[in-house]
Every structure is written in structure tokens, then in C-alpha cells.
Amino acid sequence: MADQNDPLHIETDRVRAGATPHMTRYILAISLTLVIVIFAIYLLI
């Protein structure tokens with residue numbers, strides 16, 4: 001029986017149980033740009 005204090009090492013792919021596309025950085029960049037543009041327009045009006 002495994003000791004509960006021992007760290008459990010599982011491969012990253014098995015833990016995630018799915019694909020991780022690299023679209024997150026694009027979504028973050030686009031949304032951040034939109035927020036800055038909206039705030040700039042709000043301040044100018």
C-alpha cells in the first residue's frame with residue numbers, strides 16, 4: 001500500500017485528459033486589446 005505522504009507522479013497528458021491547443025494566448029491578447037480600446041474610447045468621449 002502506498003504511503004499517503006509520498007508524492008504522486010502522473011504524466012501531464014494523462015492528468016489533463018485532453019488536448020491543450022495554444023489558442024489561449026491569442027484569446028487573451030485579443031480580449032486585452034479590446035478592453036484597452038474600449039477604455040480609450042470611453043475616456044475620449
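The values are calculated or read from the model by the stated rules, or taken from the named source; none is laboratory data. For clarity, every value in this text was computed on a predicted model and none was experimentally measured. Ligands, DNA and RNA are excluded from the accessible area calculation, which covers all protein heavy atoms including side chains. Shrake-Rupley method; radii C 1.70, N 1.55, O 1.52, S 1.80 Å.
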What is the helix-to-structure angle for 24-44, meaning the angle in degrees between its Cα long axis and the longest Cα principal axis of the chain, kept from 0 to 90 and rounded to the nearest 10? 30 degrees
Once ligands and nucleic acids are excluded and a 1.4 Å probe is used, how much of THR24 is accessible, expressed in Å² to the nearest 10? 100 Å²
With a ≥ b ≥ c the root eigenvalues of the C-alpha gyration tensor of the chain, is it rounded (a/c under 1.5), prolate (a/b larger than b/c) or oblate? prolate
